Amino acid sequence: MPPRLLVVLSLICLLGLPGTSRSDVDLWPFLEISDRTTTVLYPFYVREGKFLMLFPFYYRTSEGRDHHLVWPIVKYSEGRLKRFLPLWISPKEGEYTLFPIFRWTPREILSVVPPMYLQRDGGFRLVLPLYAKRGDKEVMPPTLYRVREEGKPTRIGLWPVSEYTSSPERRGIHILRFLRMDWGREVFLLRIWPILSWNREKDKRSFWLMPFHHERSDKHSDTSLFPVFAYRRAEQSTGLWLVPFLYSNSPQAFKSWLFGIFDLRRREIAGTEDIRTSFTLLGFKAFSFYRRQAVTSSTGKLLEYKRRLLIFSDVLEPSGKRSFSILGIPVATRGR
């Protein structure tokens, strides 16, 4: 007798036995019957409470709220079509996608035909290639743009030909990006790029005549002859660049450097009172004759260091562990 026929006859005999109740049938995955579950040839028919599966055509899920046809192609929930792949998707209230043409959400709208993106609060709008707006800034490619502040235009331009700026303190005209003029009660700027620039703004003055630059205010002064010389002075810091020498000093950091000869640096470690120092002789960092790095406390106590001479190195870790290496390979380790 064929095996399939034997199984069917066994099921018929079992169902016909006197005194057999629904809860007595448990031949899963062929047949399962109970007060809450009915399964016939799993997964082709399954019912558990309000869940129903007629594989692969129909599914009832989420306590009977959701209905699926040939999952995941069609989903119908609470009286609303939420999914019809690949064309229609609406997973949440007020959110829709018509793939690949259109998407609508409570926050934004995206369209491929015509190509546009809109934030529904008005923060950003884009219609390619015709228009873009973010806040009070508008651009109409390829040349026209406009910026508003408090509802009044403050900057209008025809890129890259010209631009006009206007504010209570300043007026300005830029032509071909080479000539720029700004003027007002507390400011004056004249620039012919990249040769000449003259700027006066409140307590700040600057002058650029290629390659010379000078800038001065109540709090700082900068003078440079690019790229040979530069000097900067501020309230608590100074700096000097004179090829090939560099020097800078402030309460937080110090640097003295002579190209390829030596490099001495000191700086405070953020969030602590510890100080990190480094010294390099004849070379640059890893490629040098001698290099030493160290961390000390505010009282001068040595907390850690790493020093290297050619192929030999000696390291003190914060834990107190010492190690000696050749070509970066540890040779000996010991406690402090």
Setting aside same-chain residues fewer than 8 positions from Lys301, which aspartates and glutamates have a Cα under 17 Å from its Cα? Glu268, Glu273, Asp274, Glu317
Residue by residue through segment 233-246, the couplings from Karplus 6.51 cos²θ - 1.76 cosθ + 1.60 with θ = phi - 60°, in Hz, x for Gly and Pro, are 10, 10, 4, 10, 8, 9, x, 9, 10, 9, 3, x, 10, 10
The answer for GluC sites (Glu not before Pro) in segment 261-336 that fall in a DSSP coil and have at most 14 neighbouring Cβ atoms within 10 Å is Glu273
Gap separating the Cα centres of segment 57-104 and segment 281-336, nearest whole Å: 65
Extension gain (nm, one decimal) between Glu273 and Ser250, 0.36 nm per residue minus Cα-Cα: 6.7 nm
Can you pull a Stokes-Einstein diffusion coefficient for segment 237-336 at 37 °C (0.692 mPa s), Rh from Kirkwood over Cα pairs, as a whole number of µm²/s? 222
Name the long-range amide H neighbours of Asp274: under 5 Å, sequence gap of 5 or more, or other chain; modelled H, no Pro or chain starts. Ile269
Qualifying GluC sites (Glu not before Pro) for segment 19-121 [loop in DSSP, other Cβ within 10 Å: at most 13]: Glu63, Glu78, Glu93
Karplus ³J(HN,Hα) for segment 287-298 (6.51 cos²θ - 1.76 cosθ + 1.60, θ = phi - 60°; Hz, whole; x = Gly/Pro) runs 9, 8, 6, 9, 8, 9, 10, 8, 10, 10, 7, 5
Would you kindly state how much longer the chain becomes between Arg185 and Glu48 on full extension, computed as 0.36 nm times their sequence separation minus their alpha carbon distance, in nm to one decimal? 41.2 nm
Put a dot 7 Å past each Cα toward the Cβ at His213 and Phe57; how far apart are the dots in nm? 7.7
Calculated FRET efficiency for the pair Val147/Val74, C-beta based, R₀ 51 Å, to 0.05: 0.55
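FYI, it's all coordinate maths here, none of it is from the lab. Predicted, not measured: the structure shown is a model, and the values here were computed from it. Ideal geometry is used to build each Cβ from the backbone, glycine not excepted, and the neighbour counts take in all protein chains shown.
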